[in-house]
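Here the structure is laid out as structure tokens; the discussion comes afterwards.
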Amino acid sequence: MLGLLVAITTARGGLAIAPPPPGTLYHGFYWGGVGTDTHDPSEHDVTPIDVARYEQAVGAKTAWVYFSDNWFESRKFPSAMCGWIRKLDKIPYVRLMLRSDVDQRHAEKTFTLQRIVAGDFDVDLRTWARDARAFGSPILIEWGTEPNGSWFAWNGTWNGGAVEGPKRYIAAYKHIVDLMRAEGADNLQWVWHVNWYDEPERKWNAFENYFPGQDYCDWLALSAYGPITPRTNEGGESFRVEVDEAYPRLMTVAPNKPIIIAEFGCDLHNRHVDAARWAKSALEDLFSNRWPAIVGFCWWNEGWQNDDIKKHDTDMIILHDRGLTKIFRDEFATHADQIQKAAVQNQMTKHE
């Protein structure tokens with residue numbers, strides 16, 4: 001199994017990110033900022049200063065910086081942001097977000113799956129791909145995050161349901177990947193990213209039904225959260241329970257693909273779950289090699305407003321809690337030899 005993970009079989013030439021050496025993990029960084037009355041997190045608020053503060057606080061280097069590229073803000077390739085991330089000797093991990101705003105739980109107004117497949121955005125996608133190719137060095141990229149959930153506009157429920165939903169998603173996913181590959185953007189390494197549970201929990205909405213195929217992703221990714229608001233009773237499962245549920249399903253879908261925990265986190269003030277304990281257990285399980293195909297992880301550092309009452313705000317930012325920060329620092333110190341500090345880049349062979 002570990003031997004299979006050393007090479008990414010869907011390579012199309014050039015340098016690409018390889019899994020870390022066996023027994024080690026990549027540690028990624030996401031920073032979305034804090035939502036206030038005057039600021040809605042754009043999911044790309046991160047700066048080099050944020051990266052430095054985080055690494056100093058937890059005592060460990062990160063291999064990639066994860067951020068959203070929102071098309072309601074700009075349809076241009078985020079060259080400046082990718083550039084400073086590369087200058088830090090890290091990999092840009094771009095969440096390509098063809099969406100009209102950051103609000104969730106509503107159907108898409110502009111970038112519908114049908115319009116993507118029809119080619120309405122091909123000119124912009126081709127330009128984006130050419131600029132990505134010109135950037136030159138490897139980039140992790142995902143589109144269509146968590147399609148088996150009920151929150152993003154590309155979910156199956158809002159795009160034809162049981163009959164058409166997953167098929168439309170796959171068609172749009174393949175259209176984007178095929179178009180960008182046709183432009184020679186072989187430095188883009190595609191990540192297919194799902195949620196650990198299906199919402200709604202229906203057979204047709206199982207994440208397996210959204211899988212675009214072996215040739216259309218290089219890595220798999222999973223979101224696995226504890227409670228994400230202070231008051232919710234949901235999300236009380238441990239990280240182990242969640243990953244144990246999703247991991248064998250991912251391995252069945254694509255047994256030779258590396259897996260990353262692209263997002264995990266827990267609200268700092270939930271009444272039912274202690275974030276520090278939840279995180280400690282999660283990190284211990286990750287470093288235990290319980291799930292051999294998992295090659296990296298990234299905590300979701302973000303806060304946002306849920307209503308007009310301040311104490312109901314979500315806060316999952318590690319640095320806002322001394323106990324949680326200490327957990328990360330202690331676990332990273334204990335398992336220092338298991339953290340791959342920089343991305344391994346290998347020459348990859350042409351995929352025919």
What about Y247, is it hydroxyl-bearing (S, T, Y), farther than 17 Å from W291 by Cα and within 19 Å of the chain's Cα centre (by Cα)? no
Residues in region 296-315: is at least one free of Cβ contacts under 8 Å to residues at least 24 places away in the same chain and farther than 21 Å from V34 by Cα? no
Considering every residue within region 104-122, establish whether at least one is on the phi > 0 side of the Ramachandran plot and either charged (D, E, K, R) or at pLDDT below 95 (or both). yes
Only residues in region 225-236 that are assigned to a loop (DSSP other than H, G, I, E, B) count as the first member; pair them with residues that are among the hydrophobic types (A, V, I, L, M, F, W, C) and crowded, with 17+ Cβ neighbours inside 10 Å, Cβ under 6 angstrom, at least 6 apart or cross-chain, and list the lot. G226/C266; G226/V273; G226/W278; P227/V273; G236/V273
Enumeration of residues in region 72-98 that are open to solvent by 10 Å² or more (accessible area, probe 1.4 Å) and part of a loop (DSSP other than H, G, I, E, B): F72, E73, S74, R75, K76, F77, P78, L88, D89, K90
Got a number for residues in region 45-75 being more than 24 Å from V123 (Cβ to Cβ) and among the charged types (D, E, K, R)? 5
Of the residues in region 174-192, those that are surrounded by fewer than 18 Cβ atoms within 10 Å (Cβ to Cβ), outside any loop (DSSP other than H, G, I, E, B) and in contact with a helix residue (DSSP H, G or I) (Cβ under 7 Å, 6 or more places away or on another chain) number 1
Could you please tell me which pairs satisfy a Cβ distance under 6 Å, a separation of 6+ or placement on different chains, a first residue in region 85-106 that is free of Cβ contacts under 8 Å to residues at least 12 places away in the same chain, and a second residue that is in a loop (DSSP other than H, G, I, E, B) and surrounded by 14 or more Cβ atoms within 10 Å (Cβ to Cβ)? none
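The values are calculated or read from the model by the stated rules, or taken from the named source; none is laboratory data. Since this is a predicted model, take the numbers as computed values, not measurements. Note: ideal-geometry Cβ built from the backbone for every residue, glycine included; neighbour counts use all protein chains shown. When the accessible area is computed, the model is the full protein with side chains, heavy atoms only, and any ligands, DNA or RNA have been set aside. Shrake-Rupley method; radii C 1.70, N 1.55, O 1.52, S 1.80 Å.
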